[in-house]
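Novice: This is the structure I want to talk about, given as structure tokens.
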Amino acid sequence: MDLRIGVIGTGAIGEDHIRRITHVITGAKVVALSDINEENAKRLASVYQAVFYQTGQELIWSREVEAVVIASWDPTHAEYVLECIKARKYVLCEKPLATSAEECLEIIDAEMGGGIKLIQVGFMRRYDKGYRKLKEIIGSGAIGEPLMVHCCHRNRIPGPQHTTDMTIKNSGIHEIDILRWLLEEEYETGQVLTVKQNRNAAVGLSDPQIMLLKTKNGVRIQVEVNMNSHYGYDIQCEVVGEKGVIRLPDPENIIRKTEGMCSYEIYADWSQRFVQAYDTELEQWVESVKKSRLTGPDAWDGYVACITADTLIRARKQETVEPVITEPQPDFYR
């Protein structure tokens, strides 16, 4: 039997997930849609033969919906996740889990109160083949203990209404999560450096920014987050160990040699670069929901990412090195 899924949010990533669930993965079907943009949501409901619901709450409580994908505007995430917990329905919530650490803790308390893990957060990089290979090599001990990590997260251009804080909380948050997962270490301190500013950045946008993190075991992490690279969407990660160095491979594109030049295509945005990761993420989420045992990033991961991002934003504003302080991790999430 197909898992009956309702999708809240039919913008770019929401529509991509609807397509993915319908045409790419198996074992699931989109049966319900909701979005504040009713015209687009109704159009997609017609295309995919799904039911349109006026509100996300109505969709969540529908008897036809067994599990929910939340891809709506960030400030609505906490409200919808909490409603899914009340309805005891599994939910895949796109990052961030919530826009504040306080909301994340409210979600955690509600989920623990229900006694079952229902939430997965959409940190899709954990499903990328390149990052998984990095983790495998680190775990094997082939490069010894990691000492340093160098990363970059470059967007071609920022999205509409992008702010300086969003550079960390919406873009850099992917590095915050994936590096904690990759190293299996918790963060101790955070700092943000601003550099010579890109003249192409919108007025008031600080760009690029450099995130500096230190783990509790002393690993130093440097992440360049650049929203106006203009040449493409470029994600890089290099781990320096005691006995060697490993580096995330560039996407597998054909190398072309013509007219005295050697070149290959650089992707334009996230939807092209991480298409395989999204496919694997949704496929494994559906499988885990059917087994009533989620295996992906959970609400605690969402909380740690949120509070780390908040710490980095505060450090940038105050021009200080700030401690990353979290609540004690409950046994429920160990």
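The values are calculated or read from the model by the stated rules, or taken from the named source; none is laboratory data. Remember, predicted model here, so these are calculated numbers, not experimental data. Cβ atoms come from the backbone with ideal geometry, glycine included; neighbour counts cover every protein chain shown.
Novice: Taking the range 129-182, which residues are assigned to a helix (DSSP H, G or I), farther than 20 Å from residue 247 by Cα and of a type in the set (Lys, Arg)?
Specialist: Once the filter is applied, which keeps residues that are assigned to a helix (DSSP H, G or I), farther than 20 Å from residue 247 by Cα and of a type in the set (Lys, Arg), the range 129-182 yields only 169.
Novice: So how many residues does the range 231-260 have that are closer than 29 Å to residue 205 by Cα and loosely packed, with under 12 Cβ neighbours inside 10 Å?
Specialist: 1
Novice: Right, next: Buried (at least 21 other Cβ atoms within 10 Å of the Cβ) and more than 29 Å from residue 180 (Cα to Cα): which single residue out of 92, 118, 59, 97 fits that description?
Specialist: 59
Novice: Is at least one residue of the range 185-193 assigned to a loop (DSSP other than H, G, I, E, B), more than 21 Å from the chain's Cα centre (by Cα) and assigned by TED's automatic domain parsing to the domain that holds residue 131?
Specialist: no
Novice: Kindly provide the set of residues from the range 81-96 that are farther than 16 Å from residue 114 by Cα and either of a type outside the set (A, V, I, L, M) or at pLDDT below 95 (or both), ordered by number. Working first, answer last.
Specialist: Step one: of the range 81-96, the residues farther than 16 Å from residue 114 by Cα are 92-96.
Within the range 81-96, 93, 94, 95, 96 meet the criteria.
Novice: Within the range 84-134, how many residues turn out to be more than 13 Å from the chain's Cα centre (by Cα) and among the hydrophobic types (A, V, I, L, M, F, W, C)? Give the derivation first.
Specialist: From the range 84-134, those more than 13 Å from the chain's Cα centre (by Cα) are 84-91, 99-119, 129-134; that's our starting set.
Cutting the leftovers down to among the hydrophobic types (A, V, I, L, M, F, W, C) gives us 84-85, 87, 91, 101, 104-105, 107-108, 110, 112, 116, 118-119, 134.
Count: 15.
Novice: Sticking with this one: Give me a count of the residues in the range 61-81 that are under 23 Å from residue 170 (Cβ atoms), touching a helix residue (DSSP H, G or I) at 6+ places or on another chain (Cβ under 6 Å) and either among the charged types (D, E, K, R) or in a helix (DSSP H, G or I) (or both). Quick ask: steps written out before the conclusion?
Specialist: Going residue by residue through the range 61-81, those that are under 23 Å from residue 170 (Cβ atoms) are 68-81.
Next cut, touching a helix residue (DSSP H, G or I) at 6+ places or on another chain (Cβ under 6 Å) only: 68-71, 78, 80-81.
From what's left, either among the charged types (D, E, K, R) or in a helix (DSSP H, G or I) (or both): 78, 80-81.
Within the range 61-81, residues that are under 23 Å from residue 170 (Cβ atoms), touching a helix residue (DSSP H, G or I) at 6+ places or on another chain (Cβ under 6 Å) and either among the charged types (D, E, K, R) or in a helix (DSSP H, G or I) (or both) number 3.
Novice: Here is a follow-up. List every residue pair whose Cβ atoms sit under 7 Å apart, with the two residues 6 or more apart in sequence or on different chains, where the first one lies in the range 4-16 and is modelled with pLDDT of 95 or more and the second, anywhere, is surrounded by 24 or more Cβ atoms within 10 Å (Cβ to Cβ) and of a type in the set (Asp, Glu).
Specialist: 9/35; 10/35
Novice: Looking only at the range 27-38, decide whether some residue is part of a helix (DSSP H, G or I), modelled with pLDDT of 95 or more and buried (at least 22 other Cβ atoms within 10 Å of the Cβ). Talk me through it step by step, then tell me what you get.
Specialist: Kept after step one, since they are part of a helix (DSSP H, G or I), are these residues of the range 27-38: 38.
Next, from what is left, pick out any that are modelled with pLDDT of 95 or more: 38.
Going one step further and asking which of them are buried (at least 22 other Cβ atoms within 10 Å of the Cβ), we end up with none.
Scanning the range 27-38, I find no residue that is part of a helix (DSSP H, G or I), modelled with pLDDT of 95 or more and buried (at least 22 other Cβ atoms within 10 Å of the Cβ), so the answer is no.
Matching residues to (1) under 23 Å from residue 95 (Cβ atoms); (2) in contact with a Leu (Cβ under 9 Å, 6 or more places away or on another chain); (3) of a type in the set (Phe, Trp, Tyr):
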| position | (1), (2), (3) |
| --- | --- |
| 170 | yes, no, no |
| 179 | yes, yes, no |
| 189 | yes, yes, no |
| 192 | yes, yes, no |
| 200 | no, no, no |
| 221 | yes, yes, no |
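Novice: Checking residue 309 against (1) among the aliphatic types (A, V, I, L, M); (2) more than 19 Å from residue 78 (Cβ to Cβ); (3) surrounded by 12 or more Cβ atoms within 10 Å (Cβ to Cβ), which test does it fail?
Specialist: (2)
Novice: Same structure again: With (1) under 25 Å from residue 327 (Cα atoms); (2) in contact (Cβ under 8 Å) with a residue 60 or more places away in the chain as the list, and residue 185 as the residue in question, which single condition is left unmet?
Specialist: Condition (2) is where residue 185 drops out.
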